[in-house]
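For reference, the structure discussed in these notes is given below.
The values are calculated or read from the model by the stated rules, or taken from the named source; none is laboratory data. This structure is a prediction, so every number in the text was calculated from the model and none was measured. Note that each Cβ is placed from the backbone with ideal geometry, even for glycine, and that neighbours are counted across all protein chains shown. To get the accessible areas, we keep the full protein, side chains included, count just its heavy atoms, and leave off ligands, DNA and RNA. Shrake-Rupley method; radii C 1.70, N 1.55, O 1.52, S 1.80 Å.
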Amino acid sequence: MEVTSRPAPAQQLRDLALLRRVRDRIDREYAQPLDVEALARGAHMSAGHLSREFRLAYGESPYAYLMTRRIERAMALLRRGDLSVTEVCFAVGCSSLGTFSSRFTELVGVPPSVYRRQAARSTAGMPSCVAKQVTRPIRNREAPTSEPQLA
């Protein structure tokens, strides 16, 4: 009998279902105070195990996924233009304006205040569903490494 460190296929399916529920919870409750420990408790896993398995399944940590969801929602709120950057920060569940601004700038490429000014002009008259798709943030791992060369 061979001993492996891989879980049985049935266990893998159960783990994937749990991870999908964690991801769905993040999508639903992004504005709530969520942390990896709380997400792990809800999935009956340790925080370390959840982080490792989530990264294997989705390519990023649960925290990075949560922050991306928050930034996407912040982008939509900033495009509306009726809330300040601080109000948007707290509306999407961030408790630190500095962390929010840093992560926003990292994902979007410009600070939230600049995005708010630019987005109002660039998406004017565009349906919100199209604006959301066009302005979706690019995670670092998805960003192109160099400009394509046209011959």
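Kindly provide the set of residues from region 62-120 that are in a helix (DSSP H, G or I), among the hydroxyl-bearing types (Ser, Thr, Tyr) and more than 26 Å from Leu19 (Cβ to Cβ), ordered by number.
Answer for region 62-120, where residues must be in a helix (DSSP H, G or I), among the hydroxyl-bearing types (Ser, Thr, Tyr) and more than 26 Å from Leu19 (Cβ to Cβ): Thr86, Ser101, Ser102, Thr105, Ser113, Tyr115.
I'd like to know if region 61-78 contains one or more residues that are aromatic (Phe, Trp, Tyr), closer than 28 Å to Tyr115 by Cβ and open to solvent by less than 30 Å² (accessible area, probe 1.4 Å).
For region 61-78, residues aromatic (Phe, Trp, Tyr), closer than 28 Å to Tyr115 by Cβ and open to solvent by less than 30 Å² (accessible area, probe 1.4 Å): present.
For the structure I just gave you, tell me whether Tyr115 is in contact with a Lys or Arg (Cβ under 8 Å, 6 or more places away or on another chain) and among the aromatic types (Phe, Trp, Tyr).
Answer is no for this residue.
Go through region 61-81 and count every residue that is in contact (Cβ under 8 Å) with a residue 12 or more places away in the chain and over 15 Å from the mean Cα position of the chain (by Cα).
4
Need the failing condition index for Gln32 against (1) open to solvent by 30 Å² or more (accessible area, probe 1.4 Å); (2) part of a helix (DSSP H, G or I), just the number.
Among (1) open to solvent by 30 Å² or more (accessible area, probe 1.4 Å); (2) part of a helix (DSSP H, G or I), the lone unmet condition for Gln32 is (2).
Can you find, within region 9-19, the residue that is surrounded by the fewest Cβ atoms within 10 Å (Cβ to Cβ) among those that are of a type outside the set (Gly, Ala, Ser) and without any contact (Cβ under 8 Å) to a residue 12 or more places away in the chain?
Checking each candidate, the answer is Pro9.
Filter region 79-93 for residues that are open to solvent by less than 40 Å² (accessible area, probe 1.4 Å) and among the small types (Gly, Ala, Ser); which is nearest to Cys129 (Cα to Cα)?
Ranking the candidates gives Gly81 first.
Starting from residues that are open to solvent by 10 Å² or more (accessible area, probe 1.4 Å) and over 17 Å from the mean Cα position of the chain (by Cα), keep the ones in region 39-60 and report whichever is nearest to Ser96 (Cα to Cα).
Ala47
Could you list, in sequence order, all residues of region 94-116 that are surrounded by 15 or more Cβ atoms within 10 Å (Cβ to Cβ) and polar (S, T, N, Q)?
Matches in region 94-116: Ser101, Thr105.
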